[in-house]
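Read the structure below first, then the notes.
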Amino acid sequence: MSLIKYTSNNIFKNQNLRILISSFINLIFKMLLVFIIIDVFNANPEKSYIYILILILAFSFSVI
């Protein structure tokens, strides 16, 4: 019983919340990047998938 209470109290600590928000923002930016490349620039996903993956990988390791 005390383990459940301890775990539930520590889930939403300030550091965990920052990690959660940062991960969510990172996911949104990746989805927007793919949307912009495919829909706005009219890129063919079958031919340009490697460039999309490289851009997403580069974005993942960049500091915002």
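At a glance:
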{"read-out": "Cross-chain or 6+ apart pairs with Cβ under 7 Å, the stretch 28-51 first and outside any loop (DSSP other than H, G, I, E, B), then loosely packed, with under 12 Cβ neighbours inside 10 Å", "value": "Ile38/Pro45"}
{"read-out": "Members of the stretch 20-64 found to be surrounded by fewer than 11 Cβ atoms within 10 Å (Cβ to Cβ) and either among the charged types (D, E, K, R) or in contact with a strand residue (DSSP E or B) (Cβ under 6 Å, 6 or more places away or on another chain) (or both), listed by number", "value": "Asp39, Glu46, Lys47"}
{"read-out": "Filter result for Tyr51 (modelled with pLDDT of 85 or more and among the aromatic types (Phe, Trp, Tyr))", "value": "yes"}
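The values are calculated or read from the model by the stated rules, or taken from the named source; none is laboratory data. Because the structure is a prediction, the values reported are computed rather than measured. Backbone-built Cβ (ideal geometry, glycine too); neighbour counts: all protein chains shown.
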